Amino acid sequence: MVTGGSRGIGAEIVKLCAQAGYDVCFTYQRRKDRADDVVAQCAPFAGRVLALQADVQDLGRSEWVLNQARQMSEVVGLVNNVGITSTIGSFLDVEIDTMRKVLETNVLGLMVMCQTFVRHWTGSSLPGSIVNVSSMAAVFGSPGEYIHYAGSKAAVDSFTIGLAKEFARRSIRANVVAPGTTDTEIHTLSGEPARAARVAANIPMARPAQAQEVAEAVVWLLSNKASYVTGTVLKVAGGL
């Protein structure tokens with residue numbers, strides 16, 4: 001199960017999972033055409049792919065999402081990829097409604113999704129693997145850009161470490177992938193389409209990540225190849 005799989009990093013996660021042979025459900029919020037395109041791109045792969053229209057801010061929707069996924073096959077993994085920023089600028093200009101939306105999407109929606117899936121796995125005595133997509137903003141704070149977003153991602157990191165420790169003996173793993181600046185349209189949505197290129201000089205590898213590079217780390221953590229890895233924040237950040 002992948003939340004936010006119709007574009008960017010999420011779409012690459014869906015494709016790599018399907019290529020690896022997983023059946024994949026993914027959520028999208030509005031753009032059915034983009035979701036359908038991802039499904040079509042996965043047609044040659046071994047795994048079946050299903051797109052579900054669902055907003056993680058609708059907290060009651062998580063049970064429905066789980067049940068839809070279970071109709072395909074037994075659920076072995078959850079990737080919480082959905083995340084939003086807001087317009088780049090000073091924290092003093094951020095409206096309360098914007099802060100609330102960022103926290104409800106990036107933190108509360110993620111927590112509820114994790115709770116729903118972990119409850120299913122523990123109730124069925126099944127193993128499971130969770131990967132939460134965070135950001136290096138949690139480390140650096142994103143001053144002058146979106147510190148409220150950075151705070152939400154720091155919450156994701158802390159929550160995931162606690163989740164991993166609480167359920168490690170139930171064979172449920174939980175990890176974080178923390179991308180650095182990645183060349184996706186999130187920068188356009190935050191009001192600065194060229195941001196990835198602008199900050200590249202500050203990255204030791206002197207370039208932003210590509211979405212597939214981040215997705216590769218996610219798929220590895222999901223898999224049994226990472227069977228002894230839990231409670232880890234894996235930086236995919238070009239040396240930062």
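Taken together, the values in this text are just the output of simple stated rules run on the coordinates, not laboratory data. This structure is a prediction, so every number in the text was calculated from the model and none was measured. Here the Cβ positions follow ideal geometry from the backbone for every residue, glycine too, while neighbour counts run over all protein chains shown.
What to note about this one:
- Nearest 10 degrees, 0 to 90: helix 147-167 Cα axis against the chain principal axis: 30 degrees
- Where labels lie 7 Å past Cα in the beta-carbon direction, separation of Phe91 and Glu63 in nm: 3.8 nm
- For the peptides 111-123, 89-101, 40-52, residues were scored by their other Cβ atoms within 10 Å and the scores averaged per peptide; the highest-first order is 111-123, 40-52, 89-101.
- Prolate/oblate/rounded label for segment 30-144 (Cα gyration tensor, a/c 1.5): prolate
- Other-chain or far-sequence residues with amide H under 5 Å of Gln53's (modelled H): Tyr28
- Number of Lys-Lys pairs in segment 2-236 with C-alpha atoms under 19 Å apart and a separation of 8 or more places or on different chains: 6.
- With Cα atoms, 0 to 90° folded angle of helix 109-123 axis to the chain main axis: 20 degrees
- Pairwise FRET efficiency - Lys235 versus Arg100, Cβ, R0 = 30 Å, nearest 0.05: 0.60
- Dipole magnitude for segment 1-46: about 200 debye, using +1 per Lys or Arg Cβ and -1 per Asp or Glu Cβ, origin at the Cα centre.
- Cα centroid separation - segment 69-92 against segment 134-172, whole Å: 13 Å
- Judged by the ratio a/c of the largest to the smallest principal axis of the C-alpha gyration tensor, segment 1-73 counts as oblate, that ratio being 1.5 or greater while a/b is no larger than b/c.
- Cβ-based exposure ranking for Glu104, Glu216, in which fewest neighbours within 10 Å come first: Glu216, Glu104
- Residues Thr87, Thr27, sorted so that the one with the fewest Cβ neighbours within 10 Å comes first: Thr87, Thr27
- On Cα atoms only, tilt of 8-19 relative to the major axis of the chain in degrees: 30 degrees
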